[in-house]
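Asks: I have a structure I would like to understand better, so I am pasting it below and will then ask my questions one at a time.
The values are calculated or read from the model by the stated rules, or taken from the named source; none is laboratory data. Nothing here was measured: the structure is a model prediction, and the numbers come from that model. Here the Cβ positions follow ideal geometry from the backbone for every residue, glycine too, while neighbour counts run over all protein chains shown. Surface accessibility is based on the protein's heavy atoms, side chains included, excluding ligands, DNA and RNA. Shrake-Rupley method; radii C 1.70, N 1.55, O 1.52, S 1.80 Å.
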Amino acid sequence: MTRVVAPCSVCAWLKEKALPLWSSVGWDRDTDSFVERLSSRGEPLLDTPRRAMVQARQIYAFGTAHRNGWLSDSEDLVSRAADSMVRRYYGVDGARGWAFSVARDGAVVDSRRDLYTHAFVLLGLATAYETTQDRAYIALADKTLDFLDGYMASAHGGYIETLPDSRGHRRQNPHMHLLEALLALFDATKRSSYFERATAVRDLFFARFLQSQGSVVVEFFDNEWRPLDSPHFPFEPGHHFEWIWLLDRYEKLQRFDLANALDRLWDTALHVGVDSNCEIFARGTIGGAVDRSTRLWFYTEAAKAALVMSARQERFCGPRAKDFLDAMHERFLEPALSGSWIDEFDAHGCVKNDFAPASSLYHICCAVDASESAGAPPWRR
């Protein structure tokens, strides 16, 4: 079957414009950390608090650039950023775990211990180890997992959202990214303990997150994993696409028949969340879209899912990865400053923010990496 390589427009834009911009203007040399966002004019917004999640995502992005030879000196950038992330966020306030955000000067802005943040920190540590081969990053990943087990584990499975525990709703999304991080740790180390943890998240997905006869990934739950907003189950097509990509990665490592689940997730997302122009909507129910705003990351995840589905289905006839990446390039990249992006449009097509969040680079790098890997000969994968 012919595989689709990322269109040259997106590949060239990433390598020639985005990575140079975000490794220079988007990098704060005085603190060895990445800025949280750039203004629409390309200025670093230095006073915006910097989330640990963004540091970890940028480490992943530039680690991916290093692995693929997209940007010179990216290995040094990853090493410096990873050491800074540890120094500025890990136990910096005297408590266990990773602080949520700090100011430019390192003062803690938000001391919450957040599951979503810890999932991405684990991904960043896996990438730092893959890039540098410094086992200190793996030791710290293990300490992070010990913290989650000791302080954030739930008796009902998975982990709570935050410490202090708000006793509010629980989300599938942090667990999805925890699965991503665990698979990355396994890829980097081949340690079975990481894969066993990934399997536990997979089991939670099928036991709790997947509802409506396997057609919908529910977003919000109570503390005992009972779905909220039933029976309509509003869902995010973008998360359907992410789960397709991750479950396919899992299946490649351990035989587990996912064909029916992936088909249902794909069909539901396309039916509800994608129009004939490849515009992707933020949220819907089985009955149709309920939030027609759109964000850049939806298109990267749709492209990755399309790669999976076109490889799995002999008579694939849906939108291709190229269709989604072309739509992203036209709507979010071309109108913005060179190397930057528009993050989000509201339901009326108006730009919602006057800045570009650094967090989007992680999505773009992952989509281009997936597309180029899909087009590579077997000995280069």
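Asks: Anything in region 81-113 that is surrounded by fewer than 16 Cβ atoms within 10 Å (Cβ to Cβ) and either assigned to a helix (DSSP H, G or I) or under 19 Å from the mean Cα position of the chain (by Cα) (or both)? List them, or say none.
Replies: Of everything in region 81-113, just one residue is surrounded by fewer than 16 Cβ atoms within 10 Å (Cβ to Cβ) and either assigned to a helix (DSSP H, G or I) or under 19 Å from the mean Cα position of the chain (by Cα) (or both), namely ARG87.
Asks: Being under 22 Å from TYR60 (Cβ atoms), surrounded by 14 or more Cβ atoms within 10 Å (Cβ to Cβ), out of contact with any Phe, Trp or Tyr (no Cβ under 9 Å at 6 or more places or on another chain) and aromatic (Phe, Trp, Tyr) narrows it down to one residue among TYR116, TYR137; which is it? Let's see the steps before the verdict.
Replies: Working: TYR137 fails: out of contact with any Phe, Trp or Tyr (no Cβ under 9 Å at 6 or more places or on another chain).
Going through TYR116, TYR137 in turn, just one is under 22 Å from TYR60 (Cβ atoms), surrounded by 14 or more Cβ atoms within 10 Å (Cβ to Cβ), out of contact with any Phe, Trp or Tyr (no Cβ under 9 Å at 6 or more places or on another chain) and aromatic (Phe, Trp, Tyr): TYR116.
Asks: If I ask for residues that are out of contact with any strand residue (DSSP E or B) (no Cβ under 6 Å at 6 or more places or on another chain), modelled with pLDDT under 95 and not charged (D, E, K, R), which ones from region 158-186 would you list?
Replies: PRO164, SER166, GLY168
Asks: Could you check how many residues of region 154-183 are assigned to a strand (DSSP E or B), open to solvent by 20 Å² or more (accessible area, probe 1.4 Å) and more than 26 Å from ALA82 (Cα to Cα)?
Replies: So the answer is 1.
Asks: Which of (1) free of Cβ contacts under 8 Å to residues at least 60 places away in the same chain; (2) of a type in the set (Gly, Ala, Ser); (3) part of a helix (DSSP H, G or I) is the odd one out, the single condition ALA61 does not satisfy?
Replies: Of everything listed in (1) free of Cβ contacts under 8 Å to residues at least 60 places away in the same chain; (2) of a type in the set (Gly, Ala, Ser); (3) part of a helix (DSSP H, G or I), ALA61 misses just condition (1).
Asks: I need the full set of residues from region 317-360 which are of a type in the set (Ser, Thr, Tyr) and open to solvent by 60 Å² or more (accessible area, probe 1.4 Å), in order please.
Replies: Across region 317-360, the qualifying residue is only SER338.
Asks: For region 170-200, give me the residue count where each residue is in contact (Cβ under 8 Å) with a residue 12 or more places away in the chain and of a type in the set (D, E, K, R).
Replies: Final tally of qualifying residues: 5.
Asks: Out of the residues in region 41-62 meeting the condition of being open to solvent by 30 Å² or more (accessible area, probe 1.4 Å) and charged (D, E, K, R), tell me which one is nearest to the chain's Cα centre (by Cα).
Replies: This residue is ARG51.
Asks: Scanning for something closer than 24 Å to LEU38 by Cα, open to solvent by less than 30 Å² (accessible area, probe 1.4 Å) and not charged (D, E, K, R), does region 271-293 turn up at least one residue?
Replies: yes
Asks: Do you know which of the residues in region 11-38 that are loosely packed, with under 15 Cβ neighbours inside 10 Å and small (Gly, Ala, Ser) is modelled with the highest pLDDT?
Replies: SER24
Asks: Here is a further query. Can you pull out the residues in region 216-240 that are open to solvent by less than 20 Å² (accessible area, probe 1.4 Å) and on the phi < 0 side of the Ramachandran plot? So that I can check it myself, show each step before the final result.
Replies: First pass over region 216-240, keeping only residues open to solvent by less than 20 Å² (accessible area, probe 1.4 Å): 216-219, 221, 225, 235, 237-240.
Once the filter is applied, which keeps residues that are open to solvent by less than 20 Å² (accessible area, probe 1.4 Å) and on the phi < 0 side of the Ramachandran plot, region 216-240 yields VAL216, VAL217, VAL218, GLU219, PHE221, PHE235, PRO237, GLY238, HIS239, HIS240.
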